[in-house]
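Q: Have a look at this one before I ask anything.
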Amino acid sequence: MKRSPLELSNTNIQKRHRKARMFRLLCAGVTWLGAALLAILLIQITLDGIKWLDIQFLTSFPSRFPYKAGVKSALVGTLWLITMIAIVSIPIGVATALYLEELSHKGRIAKIVEVNIANLAGVPSIVYGIIGLAIFVRGLGFERSLVSGALTMSLLILPVIIIASREAIKTVPMSIRHAAYALGATKLQTAWAHVLPASFPGILTGVILALSRAIGETAPLIMIGALTYVAFLPEGPMDSFTALPIQIFNWVSRPQQEFHELAAGGIIVLLVVLLTMNATAIFIRHKTEKKLQ
Amino acid sequence: MSAINLLEESIVEKTAGESESIPSQTFPDEVILDIDNVSISYSGNPAVKHVSFPIAKNRITSIIGPSGCGKSTLLRSINRMNDFIDGVTVDGNFIYAGHNVYSSRIDPVEVRRNIGMVFQKPNPFPKTIYKNISWGPQINGFTGSMDELVEKSLRQAALWDEVRDRLHESALGLSGGQQQRLCIARALAMEPDILLMDEPCSALDPISTSHIEDLLFDLKSRYTIVIVTHNMQQAARISDYTAFLEMGDLIEFGITDQLFTRPNQKRTEEYVTGRFG
């Protein structure tokens, strides 16, 4: 009565297959749950806000009359802010990551810095707002300007950029570095010519995630005193400003239904800015990855 | 002169406890690099113990031995590539151009400019074929015609005819054997005094391997080559001198023909005849 080794009545194997199927279903369920929640949110927002979305909404300053109100100053403020944050945080963040991964002697100080950066990434954003208020607004006397806002936000997202860049740099194969060293390259030449380009797609992903976080943050901006009612456009980095999340927050906190719908419209504008940024990043990443292959 | 002494010394040292007689050998070639009483350890664990032998100029020297005998470790310490591994300590001297490459006055970057390396697995840069060759000379201040240098290097590596029409395409599109020849061309573009090769054919098929062996033969007139290989036939075919290492000890060093046909040591004989390893 010897059973064939391939006979399917092997209950042990069937049990294992069943387990695998169940686990796959569970994972799929959780995935779809997340996607469904996001979809519901988006649909809700779109239904609320779409009727206010027109050119007038984009080109008007805020107003106490809902039909006259728009996001012009907030949108321009956000674009100013995000550009300045990028200029400040990307070079500092990437250079820090490069230093920690490639150039520093991996001693105790590097370890301490490493642990601290990881901790900083978890600090609530309002705390950064308080730091920004103390250092940039008052200490350095930048007042409630775009500079104060951008520097505070840069502090907030630097840990994210550094951590993501370090992970990207770690994925560059050691063999590429060795090839460069064996040609008589210094560590800096190797990092600049090979490690950085090879880790560029990963760094870009991290940078975009970080900037996306910055674009949606409200608390630190309120803390450093970004204005909630701005009927002019900032003309330079030292001007005061408002940003989309603050405008949205302002509208939501009013009692009238129309302003709530305006807030939904503002959220759509914010999302469009965000998606455009992400799409640009994906496009650039795709192009560079193709070039590498 | 010192090399001859060294050679005899090392053989005498290794045979001191055994009764075999040693035929007197002479060292007929100019010495470019003298490995002198070198010991290497990883965090205290010895990998190479008191090894001494000379590297002859414009000759191929192969280092053979079973896995884990320290042959790659020894090779990588010649151009200080072991500096990048934590916990490695190197004692003894590598005398090259009158200096110990481990002297505190010597810049390891300068050493690597003159002593090039080809690795076990082909590791081209993820850039174009042209840039793979041109980058090394470029960062080292090469001022001549880069196009000519690229062509010359690729010709020396017997790759020119296969890639002349696709110089500005990615090097990753080449086959494994072509990639390894590109890595050789990249090292040659630096015009190194010595070329170190760490099992350069172990990841390649037999045809690519024979291409590279032919290539090494041609390169001998201009370069000094030190090659680590686990393939004894390869060592016997291509090298002029052979060092046989086992468990970090140099068992025997000599002219390849003699080492393979009339080895002085019983262990060498057992290894080259395939009785272990």
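The values are calculated or read from the model by the stated rules, or taken from the named source; none is laboratory data. Nothing here was measured: the structure is a model prediction, and the numbers come from that model. No Cβ is skipped: glycine too gets one built from the backbone with ideal geometry, and neighbour counts run over all protein chains shown. Accessible surface areas use protein heavy atoms only, side chains included; no ligands, DNA or RNA. Shrake-Rupley method; radii C 1.70, N 1.55, O 1.52, S 1.80 Å.
Q: Select, from A:Leu227, A:Leu209, the only residue that is among the hydrophobic types (A, V, I, L, M, F, W, C), open to solvent by 10 Å² or more (accessible area, probe 1.4 Å) and under 19 Å from A:Ala134 (Cα atoms). Before you say what the answer is, go through the steps one by one.
A: Working: A:Leu209 fails: under 19 Å from A:Ala134 (Cα atoms).
Unique residue meeting the criteria: A:Leu227.
Q: Is it the case that some residue within segment B:107-114 is part of a loop (DSSP other than H, G, I, E, B) and more than 9 Å from chain A (Cβ to nearest Cβ)? Working first, answer last.
A: Within segment B:107-114, the first condition is being part of a loop (DSSP other than H, G, I, E, B), and the residues that meet it are B:107.
Now restrict to residues that are more than 9 Å from chain A (Cβ to nearest Cβ): B:107.
So far as segment B:107-114 goes, yes, one or more of its residues are part of a loop (DSSP other than H, G, I, E, B) and more than 9 Å from chain A (Cβ to nearest Cβ).
Q: Is it true that A:Thr218 is more than 9 Å from every other protein chain (Cβ to nearest Cβ), without any contact (Cβ under 8 Å) to a residue 40 or more places away in the chain and either surrounded by fewer than 18 Cβ atoms within 10 Å (Cβ to Cβ) or under 26 Å from A:Ile82 (Cα atoms) (or both)? Give the derivation first.
A: Details: more than 9 Å from every other protein chain (Cβ to nearest Cβ): yes; without any contact (Cβ under 8 Å) to a residue 40 or more places away in the chain: yes; either surrounded by fewer than 18 Cβ atoms within 10 Å (Cβ to Cβ) or under 26 Å from A:Ile82 (Cα atoms) (or both): yes.
Here the answer is yes, as A:Thr218 does meet what is asked.
Q: Only residues that are within 14 Å of another protein chain (Cβ to nearest Cβ) and of a type in the set (Phe, Trp, Tyr): list them for segment B:52-95, please.
A: Of everything in segment B:52-95, just one residue is within 14 Å of another protein chain (Cβ to nearest Cβ) and of a type in the set (Phe, Trp, Tyr), namely B:Phe84.
To keep it simple, each residue is scored yes or no on (1) among the aromatic types (Phe, Trp, Tyr); (2) at pLDDT below 85; (3) closer than 30 Å to A:Phe232 by Cα.
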{"site": "A:Arg3", "(1), (2), (3)": "no, yes, no"}
{"site": "A:Glu7", "(1), (2), (3)": "no, yes, no"}
{"site": "A:Asn12", "(1), (2), (3)": "no, yes, no"}
{"site": "A:Lys15", "(1), (2), (3)": "no, no, no"}
{"site": "A:Leu25", "(1), (2), (3)": "no, no, no"}
{"site": "A:Thr31", "(1), (2), (3)": "no, no, no"}
{"site": "A:Ile40", "(1), (2), (3)": "no, no, no"}
{"site": "A:Gly49", "(1), (2), (3)": "no, yes, yes"}
{"site": "A:Asp54", "(1), (2), (3)": "no, yes, yes"}
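Q: Would you pick out the residues in segment B:217-234 that are open to solvent by less than 40 Å² (accessible area, probe 1.4 Å) and either in a strand (DSSP E or B) or in contact with a Leu (Cβ under 9 Å, 6 or more places away or on another chain) (or both)? Break it down into steps so the answer makes sense when it comes.
A: Of the residues in segment B:217-234, the ones open to solvent by less than 40 Å² (accessible area, probe 1.4 Å) are B:219-220, B:223-229, B:232, B:234.
Passing the criteria: B:Leu219, B:Tyr223, B:Thr224, B:Ile225, B:Val226, B:Ile227, B:Val228.
Q: Considering segment A:106-132 alone, what residues qualify as being modelled with pLDDT of 85 or more, aliphatic (A, V, I, L, M) and open to solvent by 30 Å² or more (accessible area, probe 1.4 Å)?
A: A:Ile112, A:Val113, A:Val115, A:Ala118, A:Leu120, A:Ala121, A:Val123, A:Ile126, A:Val127, A:Ile130, A:Ile131
Q: What number of residues in segment B:118-161 are touching a His at 6+ places or on another chain (Cβ under 8 Å), more than 17 Å from A:Tyr181 (Cβ to Cβ) and in a loop (DSSP other than H, G, I, E, B)?
A: 1
Q: Of all residues in segment B:170-192, which are within 15 Å of B:Gln156 (Cβ to Cβ) and of a type outside the set (Lys, Arg)?
A: Of segment B:170-192, the ones within 15 Å of B:Gln156 (Cβ to Cβ) are B:178, B:180-192.
Those that are within 15 Å of B:Gln156 (Cβ to Cβ) and of a type outside the set (Lys, Arg): B:Gln178, B:Gln180, B:Leu182, B:Cys183, B:Ile184, B:Ala185, B:Ala187, B:Leu188, B:Ala189, B:Met190, B:Glu191, B:Pro192.
Q: When you scan segment A:164-172, do you find a residue that is of a type outside the set (S, T, N, Q) and without any contact (Cβ under 8 Å) to a residue 12 or more places away in the chain, even just one? Quick ask: steps written out before the conclusion?
A: From segment A:164-172, those of a type outside the set (S, T, N, Q) are A:164, A:166-170, A:172; that's our starting set.
Filter once more, keeping what is without any contact (Cβ under 8 Å) to a residue 12 or more places away in the chain: none.
Within segment A:164-172, none of the residues are of a type outside the set (S, T, N, Q) and without any contact (Cβ under 8 Å) to a residue 12 or more places away in the chain.
Q: I'm checking my understanding of the structure. Among residues of segment B:96-106 that are in a strand (DSSP E or B) and open to solvent by less than 40 Å² (accessible area, probe 1.4 Å), which one is farthest from the other protein chains (Cβ to nearest Cβ)?
A: Going through the qualifying residues, I end up with B:Asn100.
Q: For segment A:243-293: of the residues being open to solvent by 50 Å² or more (accessible area, probe 1.4 Å) and touching a strand residue (DSSP E or B) at 6+ places or on another chain (Cβ under 9 Å), which is farthest from the other protein chains (Cβ to nearest Cβ)?
A: Step by step, filter segment A:243-293, then rank; the result is A:Lys291.
Let's see how each residue does on (1) open to solvent by 100 Å² or more (accessible area, probe 1.4 Å); (2) in contact with a strand residue (DSSP E or B) (Cβ under 9 Å, 6 or more places away or on another chain); (3) more than 30 Å from A:Ala121 (Cβ to Cβ); (4) not small (Gly, Ala, Ser):
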residue: A:Leu42; (1), (2), (3), (4): no, no, no, yes
residue: A:Asp48; (1), (2), (3), (4): no, no, yes, yes
residue: A:Tyr67; (1), (2), (3), (4): yes, no, yes, yes
residue: A:Ile85; (1), (2), (3), (4): no, no, no, yes
